[in-house]
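The structure under discussion appears below in the form of structure tokens.
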Amino acid sequence: DAAVAGVMVLARSRMAAELLSEQVRARTFEKEYLAVLSGIPDAPEGTLRDLLFYDRASRTARVMPAPGPDVKEAVLDYRVLGTADGCALVHIRLHTGRTHQIRVQFASRGLPLLGDRKYGAQSDGPLGLWSYQIVFFHPQTNERLVFTHDPPQAEPWLAFFDTLKEK
């Protein structure tokens, strides 16, 4: 998602890009996010498993009730790190990497991300989604690399600044 900030990896060669893409397909490339939800999940942690369809025309994804053409499984684990002002800060570990996955999975449960007007948030401002950590194997050396970066001291993270320091 273009509006998501945080840590990312860029390949410097076609071969490196292919090797990183293979790690994504093999699910050895790990991605973790932080998100601020409009609302608080019923359970403090859990797994969200849905069937998603991405509509290229409207550039939106939606949860589907049954398998079908171009419908793909989306799986993530989440844990609530803190709550403030009717919102929740959640840590997310992706198991699949579908387009708008985090945004649509939480929005479909009545918990859109702050600032995500595309998927139902009533608030303006920056999107409450941050790429917190990536883990992958270096394409040449096969060394396991871990990159982490906390969100800035800015909205929508300010209400959770103390929680983020303790994490």
| Under-28-angstrom lysine pairs by C-alpha in the chain, whenever the two are 8 or more apart or on separate chains | 5
| note | In a Gaussian network model of the chain with springs linking alpha carbons closer than 10 Å, the residue among Ala17, Ala74, Ala61 that fluctuates most is Ala17
| said: If you filter segment 13-94 for trypsin sites (Lys or Arg not before Pro), then keep DSSP loop positions with at most 16 other Cβ within 10 Å, what is left? | reply: Arg27, Arg56, Arg59
| Relative contact order, percent, segment 61-137 [alpha-carbon distance under 8 Å, six or more residues apart] | 20
| query | By how many nm would the segment from Gln140 to Ala43 lengthen if fully extended, with 0.36 nm per residue of separation less the alpha-carbon distance? | reply | 30.8 nm
| said: From the gyration tensor of the Cα coordinates in segment 54-117, what semi-axes in whole Å does the equivalent ellipsoid have, largest first, with each one equal to sqrt(5λ)? | reply: 24, 14, 9
| note | For the chain the mean separation of alpha carbon contacts under 8 Å (6+ apart) over residue count, i.e. relative contact order in percent, is 28
| Mean ellipticity per residue at 222 nm, deg cm²/dmol - from DSSP H runs of n ≥ 4 across the chain, formula -39500 (n - 2.57) | -4500 deg cm²/dmol
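None of the figures in this text is laboratory data; all of them are computed from the coordinates on show. Everything numeric here is computed off the predicted structure, so don't read it as measured data. Virtual Cβ from ideal backbone geometry, glycine too; neighbours counted across all protein chains shown.
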